[in-house]
1. Under a 5 Å amide H to amide H cut-off, with H placed in plane at 1.01 Å, what residues pair with residue 27 once short-range neighbours are removed?
2. How much length is gained on full extension from residue 43 to residue 151, taking 0.36 nm per residue of separation minus their Cα-Cα distance?
3. Treating the Cα atoms of the chain as identical point scatterers in vacuum, please give the log10 of the normalised Debye intensity I(q)/I(0) at q = 0.09, 0.12, 0.16 Å⁻¹, two decimals.
4. Taking a spot 7 Å from the Cα of residue 196 along the direction of its beta carbon, which residues of segment 94-121 have an amide N less than 16 Å from it?
5. What's the tally of Lys pairs in the chain whose alpha-carbon atoms lie under 23 angstrom apart, where the two lysines are 8 or more places apart or on different chains?
6. Between segment 141-214 and segment 65-124, what is the C-alpha centre distance in whole Å?
7. Return the FRET efficiency for the residue pair residue 60, residue 102: r is the Cβ-Cβ distance, R0 is 25 Å, and the value is rounded to the nearest 0.05.
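Read-outs: derived from the displayed coordinates by stated rules, not from any lab. Nothing here was measured: the structure is a model prediction, and the numbers come from that model. Neighbour counts run over all protein chains shown; Cβ positions are idealised from the backbone, glycine included.
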Amino acid sequence: MNIILLGPPGAGKGTQARHLVETRGMVQLSTGDMLREAKDSGTDMGNRVAEVMARGDLVTDEIVIGLIREKLHGDTGAGIIFDGFPRTLKQATALKELMDEEGKSLDAVIELRVRDEVLVERIAGRSTCGNCGEVYHDVTKPQPADGKCERCGAADFRRRADDNEESLRNRLMEYYKKTSPLLGYYYAHDLLKRVDGLAEIKVVQASIEAILDA
């Protein structure tokens, strides 16, 4: 089963993707993770990524699709979770063409719906483990008292410099402008499913599981 998780920054896509990886044996393809991995891989594609990033340029859709193609040729477990891609209609079209070439298809596109005000509150207090990516929050999930990540034991907590209200609202506006056409595209293909991303984590997990089981 192959799915896309859609949702604005802070909607919980990473948390839900990790749950599906752990419980269903799916493979998470996160654009950021793929780029970091490729940059240090020494492969031809990885060298291209490293050159682009060294210049400070944006990685092209062609390169990202190339990285996804490489992943599709490897072990995809019980299915793929696309996290952070596609972000535009052009990327969605390119992904469909690639999946067709590989004899694969998307089974569902799951949108985690949230309210902006809650998102701003959620993200402004967010920090992550620099080693494993576990997410913490000043109010709902404080960093452990011993200063070590409860998941991997590392003591490397980080906050994004742009996790403030003004930057977040700008990022949300950019997300909505780019994503609106995507929602219509996947709705027209009868793939779009919606989940309340503000519910308790386990409730969101159960909602996603129900979609996949159906």
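1. 78, 79, 80, 81
2. Details: separation 108, 0.36 × 108 = 38.88 nm, distance 3.07 nm.
Stretched out fully, the residue 43 to residue 151 stretch lengthens by 35.8 nm.
3. Debye curve over Cα of the chain, log10 I(q)/I(0) at q = 0.09, 0.12, 0.16 Å⁻¹: -0.37, -0.68, -1.28.
4. Answer for this model: 111-116, 118-119.
5. 26
6. 13
7. Numbers: r = 20 Å, r/R0 = 0.80.
Result of the calculation: an efficiency of 0.80.
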